[in-house]
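The structure appears below as structure tokens.
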Amino acid sequence: MRALAGLTLGGVPAGAMAYLSEEMHAKAIGLAMGLYISGNALGGMSGRLVTGAVTDGLPVLMSLLESLDDAVESLAFRNKNPHSTRRIDWD
């Protein structure tokens with residue numbers, strides 16, 4: 001299962017960069033992709049360190065509640081994001 005997740009998640013950065021290249025002005029693509037890559041690396045490292053430190057002393061239920069909170073925040077972010085300006089409807 002982990003191998004399947006690893007194979008499928010490998011395409012997420014490529015998809016995000018393709019989206020950025022379609023949405024950003026040509027002069028801003030380099031900066032936008034650099035910020036995406038550095039933010040992804042920083043967020044991944046700090047997320048693991050902070051989560052590990054916080055959940056080390058908490059019961060399992062608190063860890064599950066934290067995961068639920070993260071899911072709710074992700075959905076809220078998705079709903080507040082602006083719609084694509086160059087989206088092509090294939091209908």
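Between a residue in region 12-30 that is touching a residue at least 60 places away in the same chain (Cβ under 8 Å) and any residue that is β-branched (Val, Ile, Thr) and outside any helix (DSSP H, G or I), which pairs come within a Cβ distance under 8 Å, given they are 6 or more apart or on different chains?
Hits for this filter: Glu23/Thr85.
Looking at Ala14 and the list (1) at pLDDT below 85; (2) surrounded by 10 or more Cβ atoms within 10 Å (Cβ to Cβ), which single condition is not satisfied?
The single condition Ala14 does not satisfy is (2).
The values are calculated or read from the model by the stated rules, or taken from the named source; none is laboratory data. Computed from a prediction, not measured in an experiment: that's the story for all the values here. As a convention, Cβ positions derive from the backbone with ideal geometry for all residues, glycine included, and neighbour counts pool all protein chains shown.
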